[in-house]
Amino acid sequence: MTKKACEFVKNIASVSRNETRDLLKKTPFLSLTCDGSSDFMGDEYESLWVRSAQNGKIIEKFLDLGTAESAGSQDIFNYMKAVCFENSEDNTNQLWSKLIGFCSDGASNMQGIRNGVAALMKRENPEIVVTHCLAHRVELSFKDAIKSSKLYDKTITLLLGLYYLYRRGPKQKKALKRAFSALNMTKILPTRVGGTRWMPHMLRAINVIIKGYRGFKAHLESASHENPKAEGLAKILTDVAVVTFMLNLKEIISPLNRLSLILQKQNLTLYNGHAQIKATTEVLKICKPKYGDHEIHLVKKNLKSTLIRSGMDIEEVNTEWAILKSLIYQSNRLIDGALTWGSVFETFRDGLDNIKLVIDALLSLPPTSVNNETTFSRTKLSKGKRRGHLKTDTLKDLIQVEIETANVEQFDPKLDGNCSFKIIFLSA
């Protein structure tokens, strides 16, 4: 039964991959996002996503989960190229020739100036736009700005210490709940702040400590007589400087938390990502709209060969851009504040083919590699200690099904004959 289930998953994944390949055939521009991680058994994996755009609509698809020969940049580069070749037709690396952008975290094997994956891609195509994941950059910027603060170190020690004290100690957890009950407070447990880069986890952990401060303080002071860890945490928790710092840190992290959540959303564009960062640093100061003439000039200058290869008449871009702006303003479509490029090109379809390609090229550039991070979170649910020897191909099929296929109610088995047979076989 287990083998049949594996075949069933494999066929469903195959249907999904074929849909992705058919979709990628029709698009002139592609970008790749890549991230690497290792599981509890030490197996190294690379997560590969592809991003494109058609008529102003952004498309993000899971492409592959596999292993390179090593974590070195050349081996990862070869792995990415092989995946693109595998998903191309007629023994031509068609997908690779459509590449316009690459995004990853700031690891040296990815973003290294001389020998990173990005540098290797630049050697083949100097016009490829390389992006250091904006979500990672926000986290790193925050840590760089605050890493020299001793109060920050104490705060992190407190947050981690409380989390593990109650997570690993059932006796301490019960005593904490009794303390909350005695104070007529809502029972609340510390949340995890370590093991992740995303700022919302830190804000959540700080909010928990502030909300339940009296309960934590009462229990730690009571338990400190027999528990050295509780005694040390009680000293930090009652330190006025630490408490003041934590309250101020909450005010700083709140807008950064909002920014981090926005940067983790799918279909985020580079422009929107940078606009959100600028708005956050200027503290709610509204940025004046840009009309885009200078930006269009920069796109034409820096991506000239790429745009021409896509079939664009580059001399017509400025004219079509002016016409498109005029049409938008005359239609009063800006009033509702919900305008998207997809709705723009659904409304204005004729005579704008070249500016559509420019917009699709820009929308194809990935601002973050968050999708790759979430891939590894999903793999940990599939490959645990009880299934530690799960094959990479099977794991990839499971991820493909989970991420890219429709719900059971919406899935159409008729798209694949083998899959249809499996359903008939199992139902029989």
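The values are calculated or read from the model by the stated rules, or taken from the named source; none is laboratory data. None of these values were measured; they are calculated from a predicted model. When we count neighbours, we look across all protein chains shown, and the Cβ atoms used for this are built from the backbone with ideal geometry, even at glycine. Each accessible area value is taken on the protein alone, full model and side chains, heavy atoms only, with ligands, DNA and RNA left out. Shrake-Rupley method; radii C 1.70, N 1.55, O 1.52, S 1.80 Å.
In summary, C133 fulfils each of the numbered conditions (1) loosely packed, with under 13 Cβ neighbours inside 10 Å; (2) at pLDDT 90 or above; (3) within 30 Å of F77 (Cβ to Cβ) with the single exception of condition (1). Screening L151 with (1) open to solvent by 30 Å² or more (accessible area, probe 1.4 Å); (2) without any contact (Cβ under 8 Å) to a residue 24 or more places away in the chain gives one miss only, at (2).
Could you tell me how many of the residues in the range 34-44 are open to solvent by 10 Å² or more (accessible area, probe 1.4 Å) and under 22 Å from the mean Cα position of the chain (by Cα)?
Of all residues in the range 34-44, those open to solvent by 10 Å² or more (accessible area, probe 1.4 Å) come to 36-44.
Adding the requirement that they be under 22 Å from the mean Cα position of the chain (by Cα) leaves 36-40, 43-44.
Looking only at that region, the number is 7.
From the list S141, S97, which one is under 16 Å from L32 (Cα atoms) and of a type in the set (S, T, Y)? From the options S141, S97, the qualifying one is S97.
Of H201, H225, all but one fail to be closer than 30 Å to S38 by Cβ and without any contact (Cβ under 8 Å) to a residue 12 or more places away in the chain; the exception is H201. Does I277 satisfy the criteria of being modelled with pLDDT under 85 and either of a type in the set (S, T, Y) or under 30 Å from L256 (Cβ atoms) (or both)? Here the answer is yes, as I277 does meet what is asked.
Among the residues in the range 222-229, are any on the phi < 0 side of the Ramachandran plot, open to solvent by 20 Å² or more (accessible area, probe 1.4 Å), among the aliphatic types (A, V, I, L, M) and over 28 Å from the mean Cα position of the chain (by Cα)?
At the first step, the residues of the range 222-229 found to be on the phi < 0 side of the Ramachandran plot are 222-229.
Add one more test, that the residue is open to solvent by 20 Å² or more (accessible area, probe 1.4 Å), and what stays is 222, 224-229.
Filter again for among the aliphatic types (A, V, I, L, M), leaving none.
No: zero hits.
Of the residues making up the range 231-258, just one is open to solvent by less than 20 Å² (accessible area, probe 1.4 Å) and in contact with a Gly (Cβ under 9 Å, 6 or more places away or on another chain), namely L233.
Within the range 392-399, does at least one residue satisfy the condition of being at pLDDT 80 or above and either at positive phi or among the aromatic types (F, W, Y) (or both)? Talk me through it step by step, then tell me what you get.
Our first condition is that a residue be at pLDDT 80 or above; within the range 392-399, this holds for 392-399.
Checking the rest, the ones that are also either at positive phi or among the aromatic types (F, W, Y) (or both) come to none.
No.
Of all residue pairs spaced 6 or more apart or on separate chains, those with beta-carbon atoms under 7 Å, a first member in the range 371-384 that is under 24 Å from S260 (Cα atoms) and a second member that is open to solvent by 20 Å² or more (accessible area, probe 1.4 Å) and of a type in the set (S, T, Y) are F376/S37.
Taking residues in the range 181-194 that are closer than 12 Å to G212 by Cα, and partners anywhere that are in a loop (DSSP other than H, G, I, E, B), the pairs with Cβ atoms closer than 7 Å and at least 6 places apart or on different chains are M185/G212; I188/G212.
Residues in the range 70-93 that are open to solvent by 30 Å² or more (accessible area, probe 1.4 Å), touching a Phe, Trp or Tyr at 6+ places or on another chain (Cβ under 9 Å) and modelled with pLDDT under 90: F85, N91, T92, N93.
Going by the conditions given, is F142 open to solvent by 10 Å² or more (accessible area, probe 1.4 Å), over 30 Å from R309 (Cα atoms) and modelled with pLDDT under 90? So F142 fits the description; yes.
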